[in-house]
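Since every read-out is calculated from the coordinates, none of them should be taken as a lab result. Here the structure is a predicted model, which means the values were calculated and not measured. Don't worry about glycine lacking a Cβ; one is built from the backbone with ideal geometry, like all the others, and counts go over all protein chains shown.
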C-alpha cells in the first residue's frame with residue numbers, strides 16, 4: 001500500500017466549463033456522416049493497417065501511477081524495460097483531471113493518453129483521438145471481453161483505444177456507527193440526515209450520475225435509462241436530490257488520503273469511496289465495510305487512446321501493447337489500485353488475492369456498474385425526441401449544489 005498512498009486520483013472528472021466540448025463537438029452537422037443512435041458523429045479517421053519502424057520516442061499523457069520509471073519508487077518501474085525492448089524513449093506528462101487531458105491532447109504534442117470515460121468521447125468527437133487497429137496490439141486478445149467495444153471506447157463498431165483498468169464507486173460505512181448495516185444508496189441520499197455532518201461524497205460534477213443512478217431505481221416515473229443521459233426533468237431531479245444531500249455532507253473529497261483520515265477519525269461515517277481507499281482505511285484500523293449497493297454503482301474504466309496527430313504512432317502502438325501485457329498490467333493495477341484489464345495479469349500479481357478483491361474477472365459484478373461517460377446533448381441512451389443536458393451544465397450545477 002505504500003506505493004498507492006502517493007497516488008492522488010484528484011478530481012478526475014473536474015472540468016472548466018468554458019473549455020468543454022459539448023453538443024457543438026458531439027454530433028455537429030459539420031462533421032459529416034450519419035449520427036449514431038447516441039448522437040456521436042466523429043470525423044471519418046482511419047486506423048493504420050500496419051506498423052512501421054519505431055520512431056525512437058513516445059509522448060504520453062497519463063494519470064499519476066500509470067507511467068512509472070522508478071523515480072517515484074525505485075521498485076516501481078515498467079518504463080525502462082519498455083525503452084530497452086522497443087528503442088522508444090518515454091516522455092510523460094501527468095494530468096490531474098480529464099479536462100487537462102483533453103486540453104493537452106488538442107495541442108498535438110502527445111501521442112497517446114490514458115483517458116477515462118468522461119474524456120474519451122470528447123476526444124473522439126473532436127477528432128483528437130484516432131480509431132485503433134486492435135490487431136496491431138497482440139495483448140488485446142487477452143483483455144476481458146466486457147471491457148472491449150464499450151460506449152466509452154468505441155463508436156459505430158470502431159475501437160478507439162485499448163482498455164487499461166477499471167474500478168467501481170462503492171458505498172463505505174463505519175460498522176460501529178452506522179446501524180443497521182446499509183444496503184442501499186438511500187443511506188447517503190434520502191436517509192442522509194441520520195448521519196448529518198458525517199456524510200462524504202466525491203467532489204466532482206460526474207457525481208450527479210450517482211444521484212441519477214439512485215433515482216433510476218427509486219423513481220421509475222422519471223424513466224432514467226442511463227445516468228449519463230439526463231433530459232432536463234431528470235437532471236433537475238438529480239440536482240435537487242444532491243442539494244438536499246448537501247445539508248448533511250460534512251466533506252466532499254477528491255484526495256483519497258483525506259477520506260481515509262476522515263473515516264479513521266470518525267469525521268466521516270458513510271459515503272462514496274473506491275476499493276483502494278477501503279483497503280487502505282481498513283489496513284490502518286478503520287472499522288469499515290465497502291460494497292456495491294442494491295441499485296448498482298457508477299465507476300470508471302480507463303482507455304489508452306492514440307492521438308490523430310501522433311508524431312510517433314509506431315511507438316504509441318508499442319506502448320499500448322506493453323501497458324496491457326500481463327506482467328506490466330499486473331504491476332500497474334497493484335500500484336494504482338484498480339482491476340487489471342488483461343485477464344492473464346491476475347496470475348502475476350504479488351498479492352494472489354488481488355484480482356478477487358478488485359473483482360477483476362467477476363462479470364456479474366461489472367454488469368452492476370455504470371461506467372463514467374461524457375454527457376452530451378444528443379442523448380446517449382438513444383432518445384431523439386428530447387435533448388439531454390451536456391456536461392458543461394453539469395459543471396455549472398455542481399457549483400450550485402455545493403453552494
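Cα extents for segment 69-183 along the principal axes, largest to smallest and rounded to whole angstrom: 56, 43, 31. Note on residue 83 and residue 311: their simple-model spin labels are 1.8 nm apart, each label 7 Å out from Cα toward Cβ. Relative to its Kirkwood radius, the Cα radius of gyration of segment 298-367 gives an Rg/Rh of 1.04. A Cα-only calculation for the chain places Rg and Dmax at 20.5, 62 Å. Ordered by the number of other Cβ atoms lying within 10 Å of each residue's own Cβ, fewest first, 132, 58 fall into the sequence 132, 58.
Got a sec? Which residues in segment 356-379 would a label at residue 181 touch, if it sits 7 Å along Cα→Cβ and we count backbone N under 19 Å? Hits in segment 356-379 for residue 181 at 19 Å: 357-359, 365.
Length gained on full extension, residue 146 to residue 69: 24.7 nm, using 0.36 nm per residue less the C-alpha separation.
When the Gaussian network model of the chain links Cα atoms closer than 10 Å, the mean-square fluctuations of 160, 195, 317 top out at 195. When you work out D = kT/(6 pi eta Rh) for segment 63-116 at 20 °C and 1.002 mPa s, using the Kirkwood radius from C-alpha pairs as Rh and the Stokes-Einstein form, the result is 175 µm²/s.
With Kirkwood's inverse mean 1/r over C-alpha pairs for Rh, give me the Rg to Rh ratio of segment 126-212, two decimals please. Provide the component values of the computation, followed by the final result.
Details: Rg = 19.4 Å, Rh = 16.7 Å.
So for segment 126-212, dividing Rg by the Kirkwood Rh gives 1.16.
Measuring between their Cα centroids, segment 186-258 and segment 348-396 lie 16 Å from each other.
For q = 0.22, 0.24 Å⁻¹, what log10 I(q)/I(0) does segment 351-393 give under the Debye formula with an equal point scatterer on each alpha carbon and no solvent? Those come out to -0.76, -0.82, one per q. Note that segment 328-403 shows a convex hull volume over its alpha carbon atoms of 154 Å³ per residue.
By the helix-only formula, in which each DSSP H run with n ≥ 4 contributes -39500 (n - 2.57) and the sum is divided by residues, the chain has a 222 nm mean residue ellipticity of -8000 deg cm²/dmol. Inter-label distance, residue 251 to residue 93: 3.2 nm, where each label sits 7 Å from its Cα along the C-beta direction. Modelled spin labels at residue 283 and residue 107, positioned 7 Å past Cα toward Cβ, are 3.4 nm from each other. Using a Gaussian network model of the chain in which every pair of alpha carbons under 10 angstrom is joined by a spring, one finds that among 385, 351, 69 the greatest mean-square fluctuation is at 385.
Averaging 1/r over every pair of different alpha carbons in segment 221-331 and inverting the result gives a Kirkwood radius of 18.1 Å.
In terms of surrounding Cβ atoms within a 10 Å radius of their Cβ, 184, 116, 325 rank from fewest to most as 184, 325, 116.
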